[in-house]
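Below: the structure, in structure tokens.
What follows is calculated from the coordinates using simple rules that are stated; it is not laboratory data. Model, not experiment: these values are computed from the prediction. FYI the Cβ positions are ideal-geometry reconstructions off the backbone, even for glycines, and counts take in every protein chain you see.
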Amino acid sequence: MRKVKVTNVQSSWDYERLSEACHKAGCILCRLTGETTRRYLETWKDEMFTDVNVRTTLRSSRGFCHTHTWQLVQMGASLPLAQAYRDIITDEIEQLANDSGKHKQRWFHSKSDDTSSSTAPCPACQQSDQSLARFTSSLRQAISDPTFYTLFLSSHGLCLDHFHLTCTLKPLTTPETWLPLLRTAQLTILQRLNDQLSELIRKYDYRYKNEAPGPEMTAWQTAAALVAGDATPPP
């Protein structure tokens, strides 16, 4: 492989995080984006929930989305959620009281209604999208480095959604320097996983049930995460 100078990438925090993620299970981008979003939620829970501007933003978005709300519940954010969601419930009460008997329902809409322009997006989703775009850009740079390329080959690679996103997300800066490498590496990873799945299926045959288990025994979990994306990236 051609040696590419990527000193600026190697010294970056993103490069270190990408390299570390290669040693762990699951899609690299699922893990890093999930970790970044969780840190944002932890910071909101511990510090940010009392900030007036943050409360105004969350009021505008009518809270966090379903996923991030329940992630905060699991994190034990009782007081922060109580205060933040009381603001939202107060707004709803005021709307109901003001519109009582007037049969006006234009203000009422679902959080999943994409046609509504009055509700801001979930702040945690915005953080997730921003971190995903950043790590995608950093991955494109890092894949040209032989050391990182070797690490990537030994990892689980990218889930299908994030692989396709990395290949197509604009801007596609100098794709000739990274896109062929990424495709070749992902193909190698997928072929390795396919071989493990075939071996796992073979060992379910009663004729081979006494054979010693190997790394193929967890291939079904890797395949599920690769096709559907990681549920919650493990620590």
- Set the Förster radius R0 to 30 Å, insert the Cβ-Cβ distance between Ser78 and Thr119 as r into 1/(1 + (r/R0)^6), and round the FRET efficiency to 0.05. 0.75
- Note on the structure: Quick calc, Ala97 & Ala228: beta-carbon distance into FRET formula, R0 45 Å, rounding 0.05, result 0.55
- Item | Cα pair distances of the range 114-213 binned at 10 Å [whole percent] | 13, 32, 23, 18, 11, 2, 0
- Query: In whole Hz, what ³J(HN,Hα) sequence does the range 210-222 give by Karplus (6.51, -1.76, 1.60; θ = phi - 60°), x for Gly and Pro?
  - Reply: 8, 6, 5, x, x, x, 5, 5, 9, 5, 5, 5, 4
- Computed label-point distance, nm, for sites Asn194 and Arg55 using a 7 Å Cα→Cβ extension: 5.7
